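Asker: The structure under discussion is supplied below as structure tokens; questions concerning it will follow.
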Amino acid sequence: MNANLNIVVSVYNEEAVLPSFYNSITSVLEVMSVNYRIIFVNDGSTDRSELILRSFALNDPNVLLVNFSRNFGHEYAMMSGLDHSDAEAVICMDADLQHPPELIPEIWEAYRDGADIVTMIRSSREDSGFLKGICSRLFYKFINRISDLKIDPNASDFFLISKRVCTIVKNDYRERTRFLRGFIQMVGFQKVSIQYIAPKRLAGQSKYGMIDLIRFSFSAIASLSKAPLRVGIYLGLFNAAISLGIGIYSLVMYFLDKPYSGYTTIILFLTLMFSMLFFVLGILGSYIGFIFDQTKNRPHYLVEDFVDQQTKQLP
Ligand code: UDP
Ligand code: MG
């Protein structure tokens, strides 16, 4: 029998937190009257996570382990979890207890009340430093300004989607440059938001440093909008205005027989122009890189094996 609810959990080097996560999520799910399956996706962990997950899947028929052949990244781990889910609704969440399992009954309730999408909004983050908080706010402001999409600020990778939304996302949103929490806000349908406080990581370390977050933010922006490609047009117009001003000024000075020596102006103008030019080239290059990755059409992830007590075969 198909489960009512699938829980997709991406795992990368989480040995320190997995036992607590498993205990806490199963104790929440056991008291709910739902038929559930937890789909753990092991994203090429190099610590003991795989062993721990294998033992969960071998001892608990409600656990499926999808074991990647190497690390493919969180977005692809979530994608694979959705690919292997078949329940009437699916929840994606992290393994580090920053997405509290105690909220699952409330999310399920919202789904039963008719929501196709339940997005979980961090009202505050106990883990994030000042800088990370500001960057995250700027990121959502920027993305809402440049794309048609209105995405809830502080949306997270903690959400529920109904089977019909899951089918759409897994069939039609398979592009290589991914921002899943944005995609689920693009499809329409009945959406409900729930606020929550994201606690600190229970144990282990965040896998995302500042550089990773910047890279992730840029690919999220590129996956939702072409606006950065227009930066060149605005910079070009801006430079044309500056050139016109300098040109007129120089001509006037020439006819007044007071030619401007202009060394500093030339140096400033050249350096400004070149830095803008390379900035625009960098944006173009990044988009070309995304197109290149997409055209190669390589697999998004590779599964080494499954551990599944229920079917004893590949799903
Ligand atoms: N994760 C993953 N693959 C990766 C990096 C992270 O599956 O390459 C998982 C990780 O195990 C966790 C979730 O994605 O369950 C979120 O990662 P993390 O907590 O490090 O990110 P943060 O909450 O600090 O943004
Ligand atoms: Mg985390």
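The values are calculated or read from the model by the stated rules, or taken from the named source; none is laboratory data. Quick caveat, the model's predicted, so the values are computed rather than measured. Every residue, glycine as well, gets a Cβ built from its backbone with ideal geometry; the counts of neighbours run over all protein chains shown.
Asker: Regarding the range 181-188, can at least one residue be identified that is in contact with a Pro (Cβ under 9 Å, 6 or more places away or on another chain) and within 12 Å of ligand 1 (Cβ to nearest atom)? Write out each step before concluding.
Answerer: Start the filter on the range 181-188 by keeping residues that are in contact with a Pro (Cβ under 9 Å, 6 or more places away or on another chain), which leaves none.
Checked the range 181-188: no residue is in contact with a Pro (Cβ under 9 Å, 6 or more places away or on another chain) and within 12 Å of ligand 1 (Cβ to nearest atom).
Asker: Related question: Suppose the filter is touching a residue at least 60 places away in the same chain (Cβ under 8 Å), among the aromatic types (Phe, Trp, Tyr), surrounded by 20 or more Cβ atoms within 10 Å (Cβ to Cβ) and within 21 Å of Asp305 (Cα to Cα); does Phe40 pass it?
Answerer: On the way: touching a residue at least 60 places away in the same chain (Cβ under 8 Å): no; among the aromatic types (Phe, Trp, Tyr): yes; surrounded by 20 or more Cβ atoms within 10 Å (Cβ to Cβ): yes; within 21 Å of Asp305 (Cα to Cα): yes.
Judged against the criteria, Phe40 is not a match.
Asker: Just one of (1) more than 16 Å from ligand 2 (Cβ to nearest atom); (2) out of contact with any Leu (no Cβ under 6 Å at 6 or more places or on another chain); (3) under 30 Å from Val303 (Cβ atoms) trips up Ala87, so point out which.
Answerer: Going through (1) more than 16 Å from ligand 2 (Cβ to nearest atom); (2) out of contact with any Leu (no Cβ under 6 Å at 6 or more places or on another chain); (3) under 30 Å from Val303 (Cβ atoms) one by one, Ala87 breaks only (2).
Asker: Taking the range 182-225 as the search range and keeping residues that are basic (Lys, Arg) and at pLDDT below 90, which one is surrounded by the most Cβ atoms within 10 Å (Cβ to Cβ)? Quick ask: steps written out before the conclusion?
Answerer: Pass one, the range 182-225, residues basic (Lys, Arg): 191, 200-201, 207, 215.
Still in the list and also at pLDDT below 90: 200-201, 207, 215.
Working: Lys200: 12, Arg201: 17, Lys207: 14, Arg215: 13.
Looking at the filtered set, the residue picked out is Arg201.
Asker: Additional query: Name the single residue, out of those in the range 1-31 being surrounded by fewer than 21 Cβ atoms within 10 Å (Cβ to Cβ) and touching a Pro at 6+ places or on another chain (Cβ under 6 Å), that is farthest from Ile104 (Cα to Cα).
Answerer: Ser24
Asker: Still on this model: Looking at (1) more than 16 Å from ligand 2 (Cβ to nearest atom); (2) part of a helix (DSSP H, G or I), find the lone condition where Phe216 falls short.
Answerer: (1)
Asker: Go over the candidates Leu256, Leu229, Leu235, Leu284 one by one and state the one that is exposed (fewer than 13 other Cβ atoms within 10 Å of the Cβ), free of Cβ contacts under 8 Å to residues at least 60 places away in the same chain and of a type outside the set (Asp, Glu).
Answerer: On the way: Leu229 fails: exposed (fewer than 13 other Cβ atoms within 10 Å of the Cβ); Leu235 fails: exposed (fewer than 13 other Cβ atoms within 10 Å of the Cβ); Leu284 fails: exposed (fewer than 13 other Cβ atoms within 10 Å of the Cβ).
Answer to the check: Leu256.
Asker: Let me ask something else about it. Would you pick out the residues in the range 121-167 that are farther than 20 Å from Met79 by Cα and either of a type in the set (A, V, I, L, M) or assigned to a strand (DSSP E or B) (or both)?
Answerer: Looking only at the range 121-167, we keep the residues that are farther than 20 Å from Met79 by Cα, and these are 121-150, 152-154.
Ile121, Arg122, Ser123, Ser124, Arg125, Leu131, Ile134, Leu138, Ile143, Ile146, Leu149, listed by residue number.
Asker: With respect to Thr26, determine if the residue is in a helix (DSSP H, G or I) and in contact (Cβ under 8 Å) with a residue 12 or more places away in the chain.
Answerer: The answer is yes for Thr26.
Asker: Please determine, by comparing only the residues of the range 48-104 that are part of a helix (DSSP H, G or I) and aromatic (Phe, Trp, Tyr), which one is nearest to Val8 (Cα to Cα). Walk me through how you get there before you give the answer.
Answerer: Kept after step one, since they are part of a helix (DSSP H, G or I), are these residues of the range 48-104: 49-59, 74-83, 101-104.
Adding the requirement that they be aromatic (Phe, Trp, Tyr) leaves 56, 76.
Values: Phe56: 14, Tyr76: 12 Å.
The qualifying residue nearest to Val8 (Cα to Cα) is Tyr76.
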